[in-house]
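Accompanying notes for the structure given below.
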Amino acid sequence: MNLRLGLNILLVVGIVATVAGGAVLMFRDSGSSEGITITLDEPALAVTPAMYAEVPTTIKVYVSGEARHPGVYELPADARSDDALQAAGGPTSDAALETINLAKRLSDEDHIHIPGQADTEVMQIQDEASLPTASAGLPGQGGSRRLNINTATAEELTSLPNIGPSRAAAIVDYREREGPFDSVDDLTNVGGIGEKITDSIRDLVAVR
């Protein structure tokens, strides 16, 4: 009876082992042939008008003045003033190119004006007219009145260009020691005052 029980147990163990082995083989075959697929949802890409906008590759500028063919010209987006001038046929013989920056980078709708020599002469005359002249006189003296170096005080002398308190005092000391000045050129005899300083105030002083 014990022998039969032992045989039955061995038979059951063998059946269980056979079934388990078959299950393992089926799992391996299934995994190797099909595998596992994982799908992730991608976020939707937002489409904006800016994605379709094109970067401009050209610009339009207006060239006027002393160019051979003034007008509106289409140029590359990275063009400079000289490119616009050349597109307009180049400068005329009267163009004052030294007054403009030919290396300036341009933008769309820019206006490049090429002045002529006559334009620069007018501007120069206007600039010179705005500068003070000797005929305008000294502050507080009015008109074309010049400062008399034989009677002017040290304080009045300091109103002259390049004449500070020490030089003004030197002029007064020289005048008191040597007597009145005979001419404006006598100022060169004063210590600390040479020809350059004398020339710089010549039209502002007088000897009376």
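How many residues does segment 140-185 contain that are charged (D, E, K, R) and either in contact with a strand residue (DSSP E or B) (Cβ under 6 Å, 6 or more places away or on another chain) or under 12 Å from VAL205 (Cα atoms) (or both)?
4
State all residues of segment 62-106 that are under 16 Å from GLY116 (Cβ atoms) and part of a strand (DSSP E or B); if no residue qualifies, say none.
VAL63, SER64, GLY65, ALA67, PRO91, ALA95
Just to verify a result, which residue in segment 109-141, among those that are in a loop (DSSP other than H, G, I, E, B), under 26 Å from the mean Cα position of the chain (by Cα) and surrounded by 12 or more Cβ atoms within 10 Å (Cβ to Cβ), is modelled with the lowest pLDDT?
It comes out as PRO115.
Does ILE163 satisfy being touching a Leu at 6+ places or on another chain (Cβ under 6 Å), over 30 Å from ALA88 (Cβ atoms), in a loop (DSSP other than H, G, I, E, B) and at pLDDT below 90?
When the stated conditions are applied, ILE163 does not pass them.
What are the residues in segment 175-201 that are part of a loop (DSSP other than H, G, I, E, B) and loosely packed, with under 11 Cβ neighbours inside 10 Å, if any?
Scanning segment 175-201 gives GLY179, ASP182, SER183.
The values are calculated or read from the model by the stated rules, or taken from the named source; none is laboratory data. Bear in mind that the values here come from a model prediction, so they are computed numbers and not experimental data. With ideal geometry, Cβ positions are generated from the backbone for all residues, glycine too; neighbour counts draw on all protein chains shown.
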